[in-house]
Every structure is written in structure tokens, then in C-alpha cells.
Amino acid sequence: MSYLHVQPFLPIVIQSGQHAYGVARSFYEAYTIKSLVIEPARKRGNFQSFFSSGTRGIATQNSRILDFRYVENLDDPNHFVQALLTLAKQFQHQRLILLVCDCFYAELIIKNKEQLKKYFILPYIDQVLLKKVQTKEKFYQLCDLYKLKYPQTVTVTKEQQTNCFIPFQYPIIIKPSNSVAYSSCSFPEKKKIYLVHNDSEMQQIVRSIYSSSYQDTLILQEFIPGDDSFIRVLDVYVGRDKKVKLMCLSNKLFEDSSPQNKGISLAVMIDYDEQLMDTIRHLLEDIGYTGFANFDMKYDPRDGEYKLFELNLRAGSSSYYVTASGHNFMQYVVDDYLLHIPLERTYVQTKHLWSLLPPKTLYKCMGNEKLKIEAKRLVKQGRYTNALFYKEDMSMKRWVKLKLYNGYLYIKHRKYFIDRNV
């Protein structure tokens, strides 16, 4: 890996899924430099992990634009800092930018920021602000304060689980308030979120969750009607001066339907709403946010309002769509922290289509005919980017694996789409 040592700086990206590939691709396009992608050392994965975002995701396999390494104890909070410091010492003559693709690692970095900032550039908030936004429950309190809409919500604790009153109609959504704590628990019925149709089903799911190691608050929330095309994703970069530098809104076209990956975008199209961006910009700047942020929300056709779901303390998993639109997302970090170039605020308006699926497969999956016509128009105009097929990073082995991956995604779609539960 000697070539990594001669680069002017080195991006280090934790986790190896398509998000990590998008980060590495952005850096390579801007600077022709390679990133180092790292994963916690674990046992050999199964066939499913071959295609997933875990150890090791197919997105970063057989790639020429990045290097990969397993790191011992990376996912152990008690050894996380030492694992990173050991790595940093191997590249001690370079500027290291530490980036994550998961809120679990984002929180670990924030909690250990004082130790890590001596060795890494860390575009993240501090621990004081983390305590104000760490859970969905606290985020909704901020939404109340800043007049941002979110779905009608009831919070439930383990002690209250036998006495839940739902003041809105079924179906409802059940999800953890603390996503990081929930990610480490395990039980047979586990899903990322649940769509629930009656009291009996609700009580059964709540009991199942609290029978696991997850003991934090649960969110019971009204279901906003509409398919995937009603969902919006907003990715933001906030500079060291705590001013928003870049905002890019996308309209989700299709998302992963499987229980474990529900919510992960498979295709998005650039959208634009200046009023929404202004409102969220005011929130971020007022609370003193820095670094990347990602908001999930859904347009509610009943009142014409966007209802926010959550704030992620990192860029979104599909955030390469920002770079694809002509605004290199990772270049903002370099300009801000390394080159100290003044950055003007930009709200992206350039229409572009980003997808993990080839166009013909995407069209089969999409239900919104109006957006399908728009997607076809963008593809015809060349304003389309496949997330993983990058001509500067292609070999026969990688091409074959990515073709197999496309088939795998379509099989998952057929399995879960017809009678999916969320």
C-alpha cells in the first residue's frame, strides 16, 4: 500500500457498502487519489454478506480507486480509539480525513473527538450537541422548537409497554428512538421498522423488542400515506464556521423492500424546495451544527407538508447523487479543512438521476408514472449515474460481480414488493 503514503492526504472510510464506494469515487474524481476503506475484522461472511453492506460489501470489491483493510476491534467501543490510532501511526506524515457510513461509528467518533482530532480531520459535531440530537425523541423536540413538521408520534418506554394509547388511527409505524442501540440487539422478528395494523400486533412487536437487549424508548408514529416516491432525502454539508455550504434534496424513486434494509435508497432523482431548505438550514446553523447531515422525510398529500423522520449525523447512503449532480460532496471537506477555501452557500437545482439499478430494471420497479417519464428523459439526456458502474474502475471480475448484484437486487424486489410489510 505504498501508493497511499505518497498521496497529499488520505480519506479513511469506515464500512464497505455502496455509501463507502460513493465517497471513494468522489475523492477519486476530484483528486485522482485512492481512499482506504476499513471494516472490523470478523468471521468469514455468508453468501448474503457477499451482496450486502457488511463485511465485505460487493461495492468495494475488485476496485482500483480504493484500498481495503480489516481492522481488529474497530467495532468495539472500548478499543475503537486505539484501533484508529494504530492505523493513524502508519500514515503519520499525511493528513487523514475520517469518514463514516453508519451512525454507530459517527457517535463513537463524536464521543472520542478530543483524542481523535490530533490525528484525523473530523467533520462532525461535538458531544454537547450530540446529546441534543442523539435519538429521534430528542430530534422531534428540536422540530417542535423550530416549527418543523413530523408525523404524529407517541413515545413508549419498557415500563409503559402494557399501557400504550394510540391517539391516531392504524396503520402505524413502530421504530426505535435510539437507532445505534437498536442496531446491536438481536431477536427473531427484528426489522428496521414495523408497519402495524392493530393493537394486538402492536403489543406483540413491542414485547418482542423489549425482550431483546434494546431497552431505550420506542417511537409509535402515524403512517404517512404514499409509496416510495413520496419520500425525500436531504443531504447537507455545514462548514467549520457552522454555516451551511451545500444542500441537495432528492426525490426517492425506489427503495430496498427487505426488512433488514428498509429505507435504503436504490434510486433517487434531484429535487428542489427552497423553503424547506431554508427552514432546515436555520435549524442547523442555530444549533451550531458542523459536518455532514442527512434528513429523511415524507411528503404528506393530506396537508401538503413534509414530515421529518430523522436526522443522521453523516452523509446519506445514497449521497453520491450530490457528486453526480455536479457538486462533488467530498471536495467540500477538502476545501474547508485542508485548503481553507471560502465556500459560498449552494442549493443544488441540477436535475440528475442516481441509481443502483440499471434503467430498464428501475422502470419495472417504479410505480409513479410521472416520475418514470422524468427518469426516462434524464437517462436519454445522459443525466443518469449508476452508483457502482464507474468506467475508470472496471475490470471483468468487477463487471461480472456487479451484474450478479443487479440480479440479486431484482430478486429481493420480487420477493418483498408484492406483499411487503415495511
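Quick notes on this structure:
- When you work out D = kT/(6 pi eta Rh) for the chain at 20 °C and 1.002 mPa s, using the Kirkwood radius from C-alpha pairs as Rh and the Stokes-Einstein form, the result is 97 µm²/s.
- Considering helices alone, the calculated mean residue ellipticity of the chain at 222 nm is -9500 deg cm²/dmol, with DSSP H runs of length four and up weighted by -39500 (n - 2.57) and normalised per residue.
- Close amide H partners of residue 352, meaning residues 5 or more places away or on another chain with modelled amide H under 5 Å apart, are 270.
- In the range 213-304, the portion of solvent-accessible area held by carbon and sulfur atoms comes to 43 percent [1.4 Å probe, whole percent, DNA, RNA and ligands not counted].
- Rounded to the nearest whole Hz, the Karplus-based 3J(HN,Hα) values (6.51 cos²θ - 1.76 cosθ + 1.60, θ = phi - 60°) of the range 338-355 follow the sequence 9, 9, 6, 8, x, 10, 7, 6, 10, 9, 5, 10, 5, 5, 7, 10, 10, 8, with x at glycine and proline.
- Rolling a 1.4 Å probe over the protein heavy atoms leaves residue 399 with an accessible area of roughly 110 Å².
- The range 54-154: equivalent-ellipsoid semi-axes (sqrt of 5 x gyration tensor eigenvalues, Cα, Å): 31, 18, 13
- Between the amide H of residue 98 and those of 12, 121, distances stay under 5 Å, these residues lying 5 or more places away or on another chain, with hydrogens modeled in the peptide plane.
- Largest to smallest accessible area among 346, 290 [probe 1.4 Å]: 346, 290
- Amide H to amide H, with H built 1.01 Å from N, residue 9 comes under 5 Å of no residue 5 or more places away or on another chain.
- If you plug the beta carbon distance of residue 170 and residue 397 into 1/(1 + (r/R0)^6) with R0 = 30 Å, you get a FRET efficiency near 0.05.
- Annotation for the range 49-121 versus the range 173-201: alpha-carbon center distance of 28 Å.
- By accessible area with a 1.4 Å probe, ligands and nucleic acids excluded, highest first: order of 38, 411: 411, 38
- Counting only heavy atoms of the protein chains and using a 1.4 Å probe, residue 364 has close to 140 Å² of accessible surface.
- Rg/Rh (Cα only; Kirkwood hydrodynamic radius) as it applies to the range 228-389: 0.97
- Heavy atoms of residue 140 accessible to a 1.4 Å probe, total area in Å² rounded to 10: 10 Å²
- Summary value for the range 228-389: 25 percent relative contact order, contacts being C-alpha pairs under 8 angstrom separated by 6+ residues.
- Where labels lie 7 Å past Cα in the beta-carbon direction, separation of residue 404 and residue 32 in nm: 3.3 nm
- Relative contact order computed over the range 39-176 (Cα-Cα under 8 Å; 6+ residues apart), in percent: 13 percent
- Put the Cα centre of the range 205-260 next to the Cα centre of the range 336-371 and the gap is 18 Å.
- Relative contact order [Cα under 8 Å, 6+ residues apart], the chain, whole percent: 16 percent
- Among 162, 361, 323, the residue with the largest mean-square fluctuation in a Gaussian network model of the chain, with springs joining Cα atoms closer than 10 Å, is 162.
The values are calculated or read from the model by the stated rules, or taken from the named source; none is laboratory data. This structure is a prediction, so every number in the text was calculated from the model and none was measured. Note: ideal-geometry Cβ built from the backbone for every residue, glycine included; neighbour counts use all protein chains shown. Each accessible area value is taken on the protein alone, full model and side chains, heavy atoms only, with ligands, DNA and RNA left out. Shrake-Rupley method; radii C 1.70, N 1.55, O 1.52, S 1.80 Å.
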